[in-house]
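Everything on this sheet refers to the single structure shown next.
Each value in this text was obtained by applying a stated rule to the coordinates, not by laboratory testing. Here the structure is a predicted model, which is why all the values come from computation and not from measurement. In this analysis, Cβ positions are derived from the backbone assuming ideal geometry, glycine residues included, and neighbour counts consider all displayed protein chains.
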Amino acid sequence: MSALELRALLADADQNGAYFVDVRDREGLEDAARELRFALAPIDFAGCNGKAEVLDRFAAALRFPAWFGGNWDALADCLGDLSWWPADGYLLLLDHVGAWRAAEPDEFATLLEVLNEAAALWSAQRQPFWALVPLSAPALDDVLEPD
């Protein structure tokens, strides 16, 4: 996609959600988010060993307040608020999720549900909110066309 197309896509709150994307588009998506004055939160899952660590990484990347409870409900609450981090939109980049996703598929599915619920809340407020999972082309093919 061109830079203009990426900006138009990210600016469209009707399309909010959690999506798998080609890792080769990551840099362009980051650039588009910066141009749109979005809050950008890369979250690195490399070496992640469980739900608690995932939640800690979200808390650090999104600058969660001290009251964050460290569970899925608290993550949903924080993602639906973000008043401490005002921006024109939000782009979360969930990097290196492969190993954690394979080890904890149910937890990963729960995370996607939480992210999509937050995206729907932001969409209702006409505020862009994206949670993107950059994957290599072969990994993306596996997700899009499972065996």
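What residues from segment 101-126 fall in the zone where the backbone N is under 17 Å from a label point 7 Å along the Cα-to-C-beta line of Trp72? Under cut-off, by backbone N: 101-120.
For segment 3-140, the C-alpha radius of gyration divided by 2.2 N^0.38 Å, with N the number of residues, is 0.98. Compared with the alpha-carbon gap, the fully stretched path from Ser136 to Ala60 is longer by 24.8 nm at 0.36 nm per residue. Here the contact order of segment 1-130, divided by its residue count and restricted to Cα pairs under 8 Å and six or more residues apart, works out to 37 percent. About its Cα centre, the dipole of segment 3-140 is roughly 220 debye, where the only charges are +1 on Lys and Arg Cβ and -1 on Asp and Glu Cβ. Two numbers describe the Cα atoms of segment 61-141: Rg and Dmax, which are 13.5, 40 Å. On the basis of the beta-carbon distance and an R0 of 30 Å, Glu117 and Leu4 show a calculated FRET efficiency of 0.50.
In the chain, helices alone account for a calculated mean residue ellipticity at 222 nm of -14500 deg cm²/dmol, with every DSSP H run of four or more residues adding -39,500 (n - 2.57).
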